[in-house]
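One structure is given below, encoded as structure tokens.
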Amino acid sequence: MVNTQASFNKKTILITGGAGFIGSNLAFYFQEHYPDSKIIIFDCFRSEATFSNGNLQSFGHYKNLIGFTGDIICGNINNPEDLALLSETKFDYIFHQAAISDTRVYDQEIVMKTNVNSFYWFLEKAKNDNATLIYASSAATYGSTPSPQKIGFENPENPYGYSKYAMDQIATKYSDQYPDMKIVGLKFFNVYGPGEYFKDKTSSMVIQLGHQILNGYAPRLFEGSDKILRDFIYIEDVVQANIRACESTNNGVYNVGTGKPRSFQDIVDILQKELRCDYGTEYFKNPYTGYQMHTQADISLSEQNFNFKPEISLEEGIKKYIPYIREMLNVPLN
Ligand SMILES: NC(=O)c1ccc[n+]([C@@H]2O[C@H](COP(=O)([O-])OP(=O)(O)OC[C@H]3O[C@@H](n4cnc5c(N)ncnc54)[C@H](O)[C@@H]3O)[C@@H](O)[C@H]2O)c1
């Protein structure tokens, strides 16, 4: 349990995107540690609609919520009538995770409408309810700026990254205009851990490579993957960041990573060690231009303002993750 002053017992907590990866982990965290809290999930779940890239338009899945005993509202953040279902409830905390989380959706209109327009509604709701608002921003706001990525040096390179960048700017304006509000944005780096399976092709490489290995194949990596480094962060540390952010001394946007970048080759090596097999690695040419070669969160501000301290190394995270990776092998996605 995260050691914090905040008690969420008897508080009313809204988690948008609660049927997704990070949102469902937050929901179970509160359910387990604050049994007297009232938790409400708002998520559109998955329809069968896809974007032009072939991926589903939303990844929320009921299977992420089996065992969750709080309230669930199925609704779309783009639909005012659905949002009105939240109007009657006064929230103490809002964790806003719902978004098009797929970084490869290039339809700018739908990404901006979903991620940005709806944000105004949640900011207004937080203002009226006097609620603490913690929302998901992203490391994608940095594009391929050099490491370490630092707040204030963003340069998004896709519509998704831009939508989160726009959210950060809107949140900053609200903080300036309404200094009594508590608004914290968290720029998650590469999150991995239980709950992400239903993100399918957009899930982390940790589970995708794990499943290749469990299916008896050599894991497939881009050539030069020992030199492609990312800041991978385990879901428990991301939950910790959300909890601690509620006590941030200052509003603002903060990085949530480990600050310790690791290579894709490291992931494969750790997975094969944990799964006790060695299929080697199959390399293929990286088809992407403008591919990020190195990410590393500068987490000094997160440490300073809300005592964020990532605790789980890649080795420990993968070890904790293995049972879920095994459990989800060949589970149908629908
Ligand atoms: N997982 C990561 O590595 C990562 C990194 C950076 C930022 N983020 C951000 O964190 C948040 C959570 O990400 P995640 O990994 O859990 O993704 P996810 O796709 O599993 O969760 C997003 C949830 O939002 C829901 N949703 C999507 N569109 C919606 C709509 N129009 N109305 C209502 N609900 C809708 C989905 O059904 C899903 O349950 C997102 O905002 C994402 O952009 C995630």
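May I ask what percent, to the nearest 5, of DSSP beta bridges between residues of the chain are antiparallel?
Around 10 percent antiparallel, to the nearest 5.
Once both labels are modelled 7 Å past Cα along the beta-carbon direction, what's the Tyr291-Asn3 spacing in nm?
The modelled label-to-label distance comes out at 4.2 nm.
Give me the lysines in straight-line cross-link reach of Lys320: C-alpha distance below 22 Å, same-chain residues under 8 apart excluded.
Qualifying lysines at Cα under 22 Å: Lys63, Lys199, Lys201, Lys260, Lys273, Lys309.
Can you run the Rg to Rh ratio on the stretch 51-201? Use alpha carbon positions and the Kirkwood inverse-distance Rh.
0.95
As a test of the formula, what do you get for the chain when each DSSP H run with n ≥ 4 contributes -39,500 (n - 2.57) and the sum is divided by the residue count, at 222 nm and rounded to the nearest 500 deg cm²/dmol?
The per-residue figure over the chain is -9500 deg cm²/dmol.
Under a no-solvent Debye model with one identical scatterer per Cα of the stretch 180-289, what's log10 I(q)/I(0) at q = 0.15, 0.19, 0.22 Å⁻¹?
-0.73, -1.02, -1.24
Can you tell me the FRET efficiency between Thr172 and Arg104 if r is taken as the Cβ-Cβ distance and R0 is 35 Å, rounded to the nearest 0.05?
Working: r = 27 Å, r/R0 = 0.77.
For Thr172 and Arg104, the calculated efficiency is 0.80.
Enter the per residue convex hull volume of the stretch 17-68, computed from alpha-carbon coordinates, in Å³ rounded to the nearest integer.
63
Give the aspartates and glutamates reachable from Lys285 as a straight Cα distance under 20 Å; neighbours fewer than 8 places away on the same chain don't count.
Answer for Lys285, where 20 Å is the Cα cut-off: Glu223, Asp226, Asp266, Asp269, listed by chain and number.
Quick one: ranking His294, His33 by accessible area, 1.4 Å probe, largest first, what do you get?
His294, His33
As a test of the definition: which semi-axes, in Å, follow for the chain when you take the square root of five times each eigenvalue of its alpha carbon gyration tensor? Largest first, please.
31, 22, 20
Report, in whole Å, the centroid distance computed from the Cα atoms of the stretch 235-299 and the stretch 107-171.
Centre-to-centre distance over Cα atoms comes out at 20 Å.
Working with all protein chains in place, sort Met181, Met293 by solvent-accessible area computed with a 1.4 Å probe, largest first.
Working: Met181 20, Met293 95 Å².
Highest to lowest solvent-accessible surface, that is Met293, Met181.
If one puts a single equal scatterer on every Cα of the stretch 111-268 and applies the Debye formula without solvent, what log₁₀ I(q)/I(0) results at q = 0.09, 0.17 Å⁻¹?
Values returned for q = 0.09, 0.17 Å⁻¹ are -0.34, -1.07.
Over the alpha-carbon set of the stretch 263-334, divide Rg by the Kirkwood Rh and report the Rg/Rh ratio to two decimals.
Numbers: Rg = 16.6 Å, Rh = 15.7 Å.
Using only Cα positions, Rg/Rh for the stretch 263-334 is 1.06.
If the stretch 167-212 were replaced by its equivalent ellipsoid, with semi-axes equal to the square roots of 5 times the Cα gyration tensor eigenvalues, what would those be, largest first, whole Å?
Here the semi-axes work out to 36, 9, 8 Å.
Heavy atoms only, 1.4 Å probe, whole protein assembly: order Lys125, Lys273 by accessible area, highest first.
Per-residue accessible area, sorted high to low, gives Lys273, Lys125.
Modelling each spin label as a point 7 Å along the Cα-to-Cβ direction, I'd like the Glu157/Tyr217 distance in nm, to one decimal.
About 2.6 nm separates the two model spin labels.
If you count, for each residue, the other Cβ atoms within 10 Å and average over each peptide, how do 89-101, 148-160 line up from highest to lowest?
89-101, 148-160
What do you get for Rg/Rh over the stretch 120-200 if you use C-alpha atoms and the Kirkwood form of Rh?
1.02
The values are calculated or read from the model by the stated rules, or taken from the named source; none is laboratory data. Since this is a predicted model, take the numbers as computed values, not measurements. Note: ideal-geometry Cβ built from the backbone for every residue, glycine included; neighbour counts use all protein chains shown. Areas reflect the complete protein model, heavy atoms only, side chains present, ligands, DNA and RNA absent. Shrake-Rupley method; radii C 1.70, N 1.55, O 1.52, S 1.80 Å.
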